[in-house]
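Asker: The structure under discussion is supplied below as structure tokens; questions concerning it will follow.
The values are calculated or read from the model by the stated rules, or taken from the named source; none is laboratory data. All of these numbers come straight from a predicted model, not from anything done at the bench. Note that each Cβ is placed from the backbone with ideal geometry, even for glycine, and that neighbours are counted across all protein chains shown. Protein only, heavy atoms only, side chains kept; ligands, DNA and RNA dropped before computing areas. Shrake-Rupley method; radii C 1.70, N 1.55, O 1.52, S 1.80 Å.
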Amino acid sequence: MAGTGIFTDILDGDVYKYYSDGEWKTSSSGKSVAIINPATRKTQYKVQACTQEEVNKVMEMAKSAQKSWAKTPLWKRAELLHKAAAILKDNKAPIAESLVKEIAKPAKDSVTEVVRSGDLISYCAEEGVRILGEGKFLLSDSFPGNERTKYCLTSKIPLGVVLAIPPFNYPVNLAVSKIAPALIAGNSLVLKPPTQGAVSCLHMVHCFHLAGFPKGLISCITGKGSEIGDFLTMHPAVNCISFTGGDTGISISKKAGMIPLQMELGGKDACIVLEDADLDLVASNIIKGGFSYSGQRCTAVKVVLVIKSVADELVEKVKAKVAKLTVGPPEENCDITAVVSESSANFIEGLVMDAKDKGATFCQEYKREGNLIWPLLLDNVRPDMRIAWEEPFGPVLPVLRINSVEEGINHCNASNFGLQGCVFTKDINKAILISDAMETGTVQINSAPARGPDHFPFQGLKDSGIGSQGVTNSINLMTKVKTTVINLPTPSYSMGDGFISRL
Ligand SMILES: NC(=O)C1=CN([C@@H]2O[C@H](COP(=O)(O)OP(=O)(O)OC[C@H]3O[C@@H](n4cnc5c(N)ncnc54)[C@H](OP(=O)(O)O)[C@@H]3O)[C@@H](O)[C@H]2O)C=CC1
Ligand SMILES: O=C(O)[C@H](O)COP(=O)(O)O
């Protein structure tokens, strides 16, 4: 159970502590932030509302801990990460339980998130040992006008303090996808978890604590992003920000200083369906892509663009599958569970009502109880409807019927987002051309969009992000290249003669 067994240290009465200087602490603010269970709409947990002084302290610790960590051999860093991964996986049950209660993620998917996170940490440790253990050796005579008098050695060095801010929908996985690369690369790490998801993150951080990482190297500051977010992201001690979330990321990127940013933001992932597509395959991918975790994935299918001649058939197939989705509590592994908050449910409802007013076809009756919204397929959506462009982050999926592939590509490219997209066709040549034409960071051919497997590069174009995620790309982003140049008194060529006369 959450907050019990090996996790008792992280709880003070009914408020979870924050993590600083290798210890679990109660904030001097005397204030807490409530975490509302999306399904019951009652307070489930409370976390500390940390103060600016506490942030300053954590940053100071992070700076000094990083200096010793950078001197820790790579294999030792990897060993600790493997240990943390094992502890995390051994304790998947209480962590998954908090995910169920905080973000209403179905129980089975919550366990999968924790296990996937453990695997990500281990993969990162192994990849880090390989890529950080290698450097480059360059010779000057390959550039015009130079002789071989300079040997250039390059290696990857840490940036310093990495600030990690994950979103509510994968709080554990999108936290470790920042923590593990930062640590293996020799950085220290300050985590600001999402409020919904904070308790799962605190449990995960305790697994790193139990693994024995040095004091101050990892910290976890809790509090509302709207209150401490700016102070954290504009803190002079921060050398890199890795953020996943919504438009907040755009404002952070405008305020942040001259530091590397890794931003994974929203998406409006399009699913383009051609006439020759296997419609059964498309329908099952639309269900998986559009409705898993109730559509609250950045990589969810968020608009279907189907060629008119096959639209009726596809819509019927999807409708039949929607009818089979179960709706209810996450504890019972229902497919569709409450969305994260009342404001999110209200926003989704606003998009639905706009589509209704403008004449979209409702394939199911719109139904909502509290934060629980029944899955809804909206057919005959037109570009003048908000749902054609905006990201509902809920179980509502618009279908636009298109006359040509060009129309589909144009719709996809007119979006301010450019995260992922997918195309369904049996013609691989067409698929490649469409993939090239789509202005998105990734295109999936004959499958729904997905970030995983976690070592694949993952990036958004336009308002969907800056930089690229995925284990290797994150390690690279959280390092800088350092070069040392050895200057020889005379040119030297291996196997060349005249060595003695040049000495
Ligand atoms: N491209 C990608 O990889 C992904 C993108 N997303 C996108 O994220 C959005 C949903 O996630 P959601 O959690 O609601 O996103 P938000 O942008 O609302 O929040 C993300 C994180 O930012 C924090 N935050 C809020 N305000 C500030 C601030 N001023 N400064 C610093 N941090 C702040 C939040 O904390 P707090 O909770 O305390 O407010 C949270 O930890 C969707 O748009 C979705 O598409 C989601 C997952 C993956
Ligand atoms: O936040 C998200 O939506 C995740 O990055 C999605 O990950 P997945 O596509 O691998 O489920």
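Asker: Take the residues in the range 244-300 that are assigned to a helix (DSSP H, G or I) and outside the structural domain of Ala311 (by the TED database); name whichever of them is nearest to ligand 1 (Cβ to nearest atom). Before the answer, list the steps.
Answerer: Start the filter on the range 244-300 by keeping residues that are assigned to a helix (DSSP H, G or I), which leaves 248-255, 279-295.
Within this subset, residues satisfying the condition of being outside the structural domain of Ala311 (by the TED database) are 248-255.
On the way: Thr248: 4, Gly249: 6, Ile250: 9, Ser251: 7, Ile252: 6, Ser253: 11, Lys254: 11, Lys255: 9 Å.
The selected residue is Thr248.
Asker: Only one of Val161, Val129, Val114, Val100 is surrounded by 24 or more Cβ atoms within 10 Å (Cβ to Cβ) and farther than 26 Å from Thr299 by Cα; which?
Answerer: Numbers: Val129 fails: surrounded by 24 or more Cβ atoms within 10 Å (Cβ to Cβ); Val114 fails: farther than 26 Å from Thr299 by Cα; Val100 fails: farther than 26 Å from Thr299 by Cα.
After applying the criteria, what remains is Val161.
Asker: Right, here's the next one. Kindly indicate which of Ile228, Ile218, Ile241 is closer than 18 Å to Phe458 by Cα, of a type outside the set (Ser, Thr, Tyr), in contact (Cβ under 8 Å) with a residue 40 or more places away in the chain and outside the structural domain of Ala431 (by the TED database). Steps first, answer last, please.
Answerer: On the way: Ile228 fails: closer than 18 Å to Phe458 by Cα; Ile218 fails: closer than 18 Å to Phe458 by Cα.
The match here is Ile241.
Condition check ((1) open to solvent by 70 Å² or more (accessible area, probe 1.4 Å); (2) more than 13 Å from ligand 2 (Cβ to nearest atom); (3) in contact with an Asp or Glu (Cβ under 9 Å, 6 or more places away or on another chain); (4) not acidic (Asp, Glu)) across all residues:
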position: Leu433; (1), (2), (3), (4): yes, yes, no, yes
position: Glu439; (1), (2), (3), (4): yes, yes, no, no
position: Asp454; (1), (2), (3), (4): no, no, yes, no
position: Gly460; (1), (2), (3), (4): no, no, yes, yes
position: Gly467; (1), (2), (3), (4): no, yes, yes, yes
position: Met478; (1), (2), (3), (4): no, yes, no, yes
position: Lys482; (1), (2), (3), (4): yes, yes, no, yes
position: Pro489; (1), (2), (3), (4): yes, yes, no, yes
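Asker: If you scan the range 251-299, which residues turn out to be farther than 27 Å from Trp374 by Cβ and out of contact with any strand residue (DSSP E or B) (no Cβ under 8 Å at 6 or more places or on another chain)?
Answerer: Ser251, Lys254, Lys255, Gly257, Met258, Asp276
Asker: Report yes if Leu189 is within 16 Å of ligand 2 (Cβ to nearest atom), within 19 Å of the chain's Cα centre (by Cα), among the hydrophobic types (A, V, I, L, M, F, W, C) and modelled with pLDDT of 95 or more, otherwise no. Talk me through it step by step, then tell me what you get.
Answerer: Numbers: within 16 Å of ligand 2 (Cβ to nearest atom): no; within 19 Å of the chain's Cα centre (by Cα): yes; among the hydrophobic types (A, V, I, L, M, F, W, C): yes; modelled with pLDDT of 95 or more: yes.
No; evaluated as a whole, the condition is false for this residue.
Asker: Looking at Thr195, Thr233, can you tell me which residue is within 16 Å of ligand 1 (Cβ to nearest atom), of a type in the set (Val, Ile, Thr), at pLDDT 95 or above and open to solvent by 20 Å² or more (accessible area, probe 1.4 Å)?
Answerer: Values: Thr233 fails: open to solvent by 20 Å² or more (accessible area, probe 1.4 Å).
Exactly one residue qualifies, and that residue is Thr195.
Asker: Just one of (1) touching a helix residue (DSSP H, G or I) at 6+ places or on another chain (Cβ under 8 Å); (2) free of Cβ contacts under 8 Å to residues at least 60 places away in the same chain; (3) of a type outside the set (D, E, K, R); (4) part of a strand (DSSP E or B) trips up Val129, so point out which.
Answerer: Evaluating Val129 over (1) touching a helix residue (DSSP H, G or I) at 6+ places or on another chain (Cβ under 8 Å); (2) free of Cβ contacts under 8 Å to residues at least 60 places away in the same chain; (3) of a type outside the set (D, E, K, R); (4) part of a strand (DSSP E or B) leaves (4) as the failure.
Asker: Out of (1) over 16 Å from Leu189 (Cα atoms); (2) in contact (Cβ under 8 Å) with a residue 12 or more places away in the chain; (3) among the small types (Gly, Ala, Ser), what's the single condition that is false for Gly30?
Answerer: (2)
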